[in-house]
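K.L.:
My structure is below; once you've seen it, I'll send some questions.
The values are calculated or read from the model by the stated rules, or taken from the named source; none is laboratory data. All values derive from a computational prediction rather than experimental measurement. Glycine also receives a Cβ, built like all others from the backbone with ideal geometry; neighbour counts cover every protein chain displayed.
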Amino acid sequence: MRVQLSGVHVEIGGVSGVDLEVEPGEFVGLVGPNGSGKSTLLRALYRARRPDAGTVRVDGDDVWRTLSARRSAQRTAVLAQHSTDGFDFTVAELVATGRTPHRSAPAADREIIARALERVGMTGRADRPYATLSGGERQRVLLARALAQQGDVLVLDEPTNHLDIAAQLELLELVHELKITTLAALHDLNLAAAYCDRLYVLAAGRVVAYGPALDVLTPALLLEVFGVRAHLGLNPLTGRPNLTFATGDPR
Amino acid sequence: MRRAWTAVRAAPCPSRTERPQLSSPHLISERRYPLLVVLLLAAVPVLLVAAVTYGAVDLPAADVWRVITAHLTTGRPPADVSGIDNEIIWNSRAPRTVLALIAGAGLAVAGAILQTVVRNPLADPYVLGVTSGASLAAVAVITLGSVAGLGVSGAAFVGACATLALVLALGSRRGALTPTRLVLAGVALSYLLQGATSYLQLRAQPDQLAGILFWLLGSVAGARWSDLTAPGVIVVACTGWLLLQGRRLNALLLGDETAAALGVHVHRFRLALLAVAALVTAAVIAVAGGIAFVGLIVPHAVRLLVGPDHRRTLPLIAVTGGLFLVAADLAARTLSPPLELPLGILTAILGTPFFLWLLRRESAVA
């Protein structure tokens with residue numbers, strides 16, 4: 001499904017006039033400094049924060065004016081950053097909450113939940129309490145919930161925060177292999193450059209650049225937006241784009 | 001250096017994995033859940049008959065059974081039971097026992113819903129100040145006399161609803177209700193209303209004080225069949241609706257944004273839940289007074305058994321809450337006869353240790 005944001009404006013959260021498009025099957029990254037409006041923009045997409053102006057369309061339908069909350073959730077699933085909610089649930093129970101927007105069908109739901117857990121490699125953990133998992137495992141469980149939701153669009157809001165480096169890479173590899181339409185706010189520019197087909201750079205609520213990582217993440221832009229000096233090269237291990245940084249003032 | 005690094009990897013974040021009290025899976029597995037439901041439902045008629053049989057005067061269980069079946073089938077008392085026994089069984093103990101069942105179920109369900117709505121384990125049906133509003137109105141009628149033709153129950157109901165409206169107005173900001181603001185508004189308003197209630201108590205005549213105390217601590221004594229219709233209908237209808245909301249309640253428990261992402265219209269749903277929980281609470285306390293702790297401890301006890309999934313907890317919470325209050329009322333009548341204790345004293349004696357234990361458990365988690 002295609003995602004189209006046009007002229008999206010959110011007063012509280014400081015998003016002003018953002019146009020953004022994600023083609024079907026594309027993995028698009030959203031990068032920018034803290035407070036640039038990444039999360040707010042994503043909330044406008046998954047129907048958690050109504051924009052003051054502009055339209056958000058998923059597969060051509062206006063998320064806020066045409067679709068109900070439930071219909072929208074059938075199309076768009078979300079994996080947000082690590083949170084402490086839902087601690088008392090077991091893994092299977094938490095994944096089952098992904099079925100909320102769908103008609104209840106216990107037998108079919110069990111099958112869908114089992115498949116989602118298998119997809120993220122957590123099959124053996126179905127009856128474990130969520131609270132006892134490591135950070136990386138928790139995010140895989142929340143990804144399984146997003147899969148159980150069976151949307152065609154996946155929204156990631158800084159899903160790798162607080163994860164160790166192995167868990168970060170594993171999670172993004174998993175998402176990458178899904179080949180599902182994805183819009184991801186990512187903190188780590190190297191992860192964004194390595195996994196995203198295209199990037200949008202947000203600064204003070206506006207899109208200041210977009211395109212393939214290699215075209216967008218220029219030293220000039222990084223100095224201007226993030227205030228750091230940067231060198232763009234290739235990761236000798238993976239051959240993917242790789243940035244190295246230094247503080248803004250050369251000393 | 002390398003060895004140290006491996007050691008760290010082998011035991012990631014001990015603070016997260018060492019949670020023994022949370023790491024136990026639910027005590028009652030999904031397979032055994034139906035058995036638990038059947039057992040609790042079977043306990044309802046047994047406990048009801050026991051509650052009607054025992055009291056200041058113990059009556060033969062056979063007579064109790066005859067009186068109840070005669071009234072239910074013919075609508076008249078049986079000929080072979082004395083008029084006094086019939087009066088005690090059918091017009092005194094039976095209605096108060098049924099009221100205890102309704103009140104316990106209603107308060108427990110309302111407490112469970114409010115704990116989810118404000119995502120605070122210490123919430124109960126009174127966290128929104130509803131009971132303080134009801135108390136003030138009830139005490140005002142007891143001490144100052146009827147207002148606008150309302151009796152104690154009617155005034156309590158109106159007071160509860162007015163307080164809820166005020167808390168919602170104070171707790172919302174730009175049309176959005178946030179759990180923290182709601183709780184703060186409810187607690188702040190409660191103190192104000194309690195202050196006013198205390199003032200009225202000071203000015204009360206000595207003969208009014210017992211009535212005030214009984215109302216504030218909660219009691220089902222003196223219940224008549226005609227008192228049961230309104231709370232009965234409201235508790236049954238609201239609980240029925242809530243039982244259908246299990247999956248959406250689960251989503252709400254996971255946070256506003258997750259709930260929105262799962263297709264729940266968070267603002268609208270929260271408002272509906274608050275209204276329903278407050279309506280149930282108001283309907284119950286209007287006839288039974290401010291019975292404490294049922295709404296706090298019953299939901300937690302049930303969650304400890306079967307986990308947090310509302311589809312499984314809510315039916316059990318309703319039944320357990322009803323049973324708990326019937327048992328508490330039976331104890332209130334039989335522990336120190338002929339003196340009858342207010343229900344609030346018993347629920348507090350049972351509830352406080354549990355509450356403290358819960359606080360310890362919560363601080364261990366945080």
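K.L.:
List the number of the failed condition for B:Gly222; all other conditions in (1) more than 18 Å from the chain's Cα centre (by Cα); (2) farther than 30 Å from A:Arg43 by Cα; (3) at pLDDT 90 or above hold.
P.N.:
It is condition (3) that B:Gly222 fails.
K.L.:
If I ask for residues that are outside any helix (DSSP H, G or I) and of a type in the set (Phe, Trp, Tyr), which ones from segment B:54-105 would you list?
P.N.:
Taking segment B:54-105 as the starting set, the residues that turn out to be outside any helix (DSSP H, G or I) are B:54-60, B:74-82.
Once the filter is applied, which keeps residues that are outside any helix (DSSP H, G or I) and of a type in the set (Phe, Trp, Tyr), segment B:54-105 yields only B:Tyr54.
K.L.:
OK, next. Among the residues of segment A:92-122, count how many are among the aliphatic types (A, V, I, L, M) and either facing another protein chain (nearest Cβ under 7 Å) or touching a Leu at 6+ places or on another chain (Cβ under 7 Å) (or both). Walk me through it before giving the result.
P.N.:
Let us first name the residues in segment A:92-122 that are among the aliphatic types (A, V, I, L, M), namely A:92, A:94-96, A:105, A:107-108, A:112-114, A:116-117, A:120, A:122.
With either facing another protein chain (nearest Cβ under 7 Å) or touching a Leu at 6+ places or on another chain (Cβ under 7 Å) (or both) added as a condition, the list becomes A:95, A:116, A:120.
Of the residues in that region, 3 qualify.
K.L.:
Quick check on my filter: what residues within segment A:90-126 are assigned to a loop (DSSP other than H, G, I, E, B) and closer than 18 Å to A:Leu174 by Cα?
P.N.:
A:Val120, A:Gly121, A:Met122, listed by residue number.
This table checks each residue for (1) within 14 Å of another protein chain (Cβ to nearest Cβ); (2) not hydrophobic (A, V, I, L, M, F, W, C); (3) not in a loop (DSSP other than H, G, I, E, B).
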| residue | (1), (2), (3) |
| --- | --- |
| A:Val141 | yes, no, yes |
| A:Gln150 | yes, yes, no |
| A:Leu174 | no, no, yes |
| A:Ala184 | no, no, yes |
| A:Asn190 | no, yes, yes |
| A:Ala194 | no, no, yes |
| A:Val207 | no, no, yes |
| A:Asp215 | no, yes, yes |
| A:Leu222 | no, no, yes |
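K.L.:
Is it the case that segment B:267-286 has a residue that's buried (at least 24 other Cβ atoms within 10 Å of the Cβ), out of contact with any Leu (no Cβ under 6 Å at 6 or more places or on another chain) and not in a helix (DSSP H, G or I)? Let's see the steps before the verdict.
P.N.:
Going through segment B:267-286, the residues buried (at least 24 other Cβ atoms within 10 Å of the Cβ) turn out to be B:277-278, B:280-286.
In the following step, the residues that additionally are out of contact with any Leu (no Cβ under 6 Å at 6 or more places or on another chain) were identified as B:280-283, B:285-286.
Keeping just the survivors that are not in a helix (DSSP H, G or I) gives none.
Checked against the condition, which is being buried (at least 24 other Cβ atoms within 10 Å of the Cβ), out of contact with any Leu (no Cβ under 6 Å at 6 or more places or on another chain) and not in a helix (DSSP H, G or I), segment B:267-286 yields no hits at all.
K.L.:
Right, here's the next one. Of everything in segment B:119-133, what is surrounded by 24 or more Cβ atoms within 10 Å (Cβ to Cβ) and either among the acidic types (Asp, Glu) or out of contact with any Cys (no Cβ under 9 Å at 6 or more places or on another chain) (or both)? Give them in sequence order. Explain how you work it out, then say what you get.
P.N.:
Initially, segment B:119-133 is screened for residues surrounded by 24 or more Cβ atoms within 10 Å (Cβ to Cβ), giving B:123-133.
Passing the criteria: B:Ala123, B:Asp124, B:Pro125, B:Tyr126, B:Val127, B:Leu128, B:Gly129, B:Thr131, B:Ser132.
K.L.:
Going through B:Gly351, B:Gly344 one at a time, which residue ends up being of a type in the set (Gly, Ala, Ser) and more than 26 Å from B:Val141 (Cα to Cα)? Lay out the reasoning, then the answer.
P.N.:
Working: B:Gly344 fails: more than 26 Å from B:Val141 (Cα to Cα).
Just a single option satisfies the conditions, and that option is B:Gly351.
K.L.:
As an exercise: evaluate B:Thr74 against (1) surrounded by 11 or more Cβ atoms within 10 Å (Cβ to Cβ); (2) of a type in the set (S, T, N, Q); (3) farther than 23 Å from B:Ser219 by Cα and give the number of the one condition it does not meet.
P.N.:
Only one criterion in (1) surrounded by 11 or more Cβ atoms within 10 Å (Cβ to Cβ); (2) of a type in the set (S, T, N, Q); (3) farther than 23 Å from B:Ser219 by Cα is unmet by B:Thr74, namely (1).
K.L.:
Tell me which residues, restricted to segment B:69-105, are among the β-branched types (Val, Ile, Thr) and within 28 Å of the chain's Cα centre (by Cα). Even if it seems obvious, please write down each step before you answer.
P.N.:
Filtering segment B:69-105 for residues among the β-branched types (Val, Ile, Thr) gives B:69, B:73-74, B:81, B:84, B:88-89, B:97-98, B:102.
Of everything in segment B:69-105, those that are among the β-branched types (Val, Ile, Thr) and within 28 Å of the chain's Cα centre (by Cα) turn out to be B:Ile88, B:Ile89, B:Thr97, B:Val98, B:Ile102.
Conditions tested, residue by residue: (1) more than 14 Å from chain A (Cβ to nearest Cβ); (2) under 20 Å from the mean Cα position of the chain (by Cα); (3) not in a helix (DSSP H, G or I); (4) not charged (D, E, K, R).
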| residue | (1), (2), (3), (4) |
| --- | --- |
| B:Leu107 | yes, yes, no, yes |
| B:Arg119 | no, yes, yes, no |
| B:Gly159 | yes, yes, no, yes |
| B:Leu164 | yes, yes, no, yes |
| B:Val167 | yes, yes, no, yes |
| B:Val187 | yes, yes, no, yes |
| B:Ala196 | yes, no, no, yes |
| B:Gln201 | yes, no, no, yes |
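K.L.:
Further, regarding this structure: Would segment A:78-97 turn up any residue that is more than 25 Å from A:Leu186 (Cα to Cα) and among the small types (Gly, Ala, Ser)?
P.N.:
Yes, because at least one residue in segment A:78-97 is more than 25 Å from A:Leu186 (Cα to Cα) and among the small types (Gly, Ala, Ser).
Let's see how each residue does on (1) more than 7 Å from chain B (Cβ to nearest Cβ); (2) surrounded by 16 or more Cβ atoms within 10 Å (Cβ to Cβ):
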{"residue": "A:Pro51", "(1), (2)": "yes, yes"}
{"residue": "A:Arg65", "(1), (2)": "yes, no"}
{"residue": "A:Gly124", "(1), (2)": "yes, no"}
{"residue": "A:Thr132", "(1), (2)": "no, yes"}
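K.L.:
Just checking, does segment B:241-255 include any residue being away from chain A (no Cβ under 14 Å) and surrounded by fewer than 21 Cβ atoms within 10 Å (Cβ to Cβ)?
P.N.:
Residues of segment B:241-255 away from chain A (no Cβ under 14 Å): B:241-242.
Right, trim to surrounded by fewer than 21 Cβ atoms within 10 Å (Cβ to Cβ) and you get B:241.
Yes.
K.L.:
Looking at segment A:41-87, which of the residues that are in contact (Cβ under 8 Å) with a residue 60 or more places away in the chain and of a type in the set (Ser, Thr, Tyr) is farthest from A:Leu20 (Cα to Cα)?
P.N.:
A:Thr76
K.L.:
Another question, then. Considering segment B:332-354 alone, what residues qualify as being over 17 Å from the mean Cα position of the chain (by Cα), in a helix (DSSP H, G or I) and crowded, with 16+ Cβ neighbours inside 10 Å?
P.N.:
Filtering segment B:332-354 for residues over 17 Å from the mean Cα position of the chain (by Cα) gives B:332-341, B:353.
Then drop every residue that is not in a helix (DSSP H, G or I), which leaves B:332-334, B:353.
If the condition is that a residue be over 17 Å from the mean Cα position of the chain (by Cα), in a helix (DSSP H, G or I) and crowded, with 16+ Cβ neighbours inside 10 Å, then B:Ala332, B:Arg333 are the ones that fit.
K.L.:
Now for a separate question. Can you pull out every residue in segment B:256-275 that is hydrophobic (A, V, I, L, M, F, W, C) and within 17 Å of B:Arg119 (Cβ to Cβ)?
P.N.:
Of all residues in segment B:256-275, those hydrophobic (A, V, I, L, M, F, W, C) come to B:259-262, B:264, B:266, B:269, B:271-275.
Once the filter is applied, which keeps residues that are hydrophobic (A, V, I, L, M, F, W, C) and within 17 Å of B:Arg119 (Cβ to Cβ), segment B:256-275 yields B:Ala259, B:Ala260, B:Ala261, B:Leu262, B:Val264, B:Val266, B:Phe269, B:Leu271, B:Ala272, B:Leu273, B:Leu274.
K.L.:
Only residues that are out of contact with any helix residue (DSSP H, G or I) (no Cβ under 8 Å at 6 or more places or on another chain) and farther than 18 Å from B:Val319 by Cβ: list them for segment B:272-308, please.
P.N.:
Narrowing segment B:272-308 to residues out of contact with any helix residue (DSSP H, G or I) (no Cβ under 8 Å at 6 or more places or on another chain): B:272, B:304.
Matches in segment B:272-308: B:Ala272 only.
K.L.:
Follow-up. Of all residues being farther than 16 Å from A:Tyr210 by Cβ and in a helix (DSSP H, G or I) in segment A:3-41, which is nearest to the other protein chains (Cβ to nearest Cβ)? Just the residue, please.
P.N.:
Looking at the filtered set, the residue picked out is A:Ser39.
K.L.:
Do you know which residues across segment A:229-247 are surrounded by 13 or more Cβ atoms within 10 Å (Cβ to Cβ) and of a type outside the set (D, E, K, R)?
P.N.:
So in segment A:229-247, the residues surrounded by 13 or more Cβ atoms within 10 Å (Cβ to Cβ) come out as A:229-230, A:232, A:235, A:240-243, A:245.
Scanning segment A:229-247 gives A:Ala230, A:Leu232, A:Asn235, A:Pro241, A:Asn242, A:Leu243, A:Phe245.
K.L.:
Output the residues belonging to segment A:67-87 that are in a loop (DSSP other than H, G, I, E, B) and either of a type outside the set (S, T, N, Q) or more than 11 Å from chain B (Cβ to nearest Cβ) (or both).
P.N.:
Residues of segment A:67-87 that are in a loop (DSSP other than H, G, I, E, B), as a first pass: A:67-68, A:80-87.
Once the filter is applied, which keeps residues that are in a loop (DSSP other than H, G, I, E, B) and either of a type outside the set (S, T, N, Q) or more than 11 Å from chain B (Cβ to nearest Cβ) (or both), segment A:67-87 yields A:Leu67, A:Ala80, A:His82, A:Asp85, A:Gly86, A:Phe87.
K.L.:
Restricting the first residue to segment A:217-233 and requiring it to be over 17 Å from A:Tyr200 (Cα atoms), which pairs with a second residue that is surrounded by fewer than 13 Cβ atoms within 10 Å (Cβ to Cβ) and aliphatic (A, V, I, L, M) meet a Cβ separation below 8 Å and a spacing of at least six or different chains?
P.N.:
A:Val228/A:Ala246; A:Arg229/A:Ala246; A:Ala230/A:Ala246
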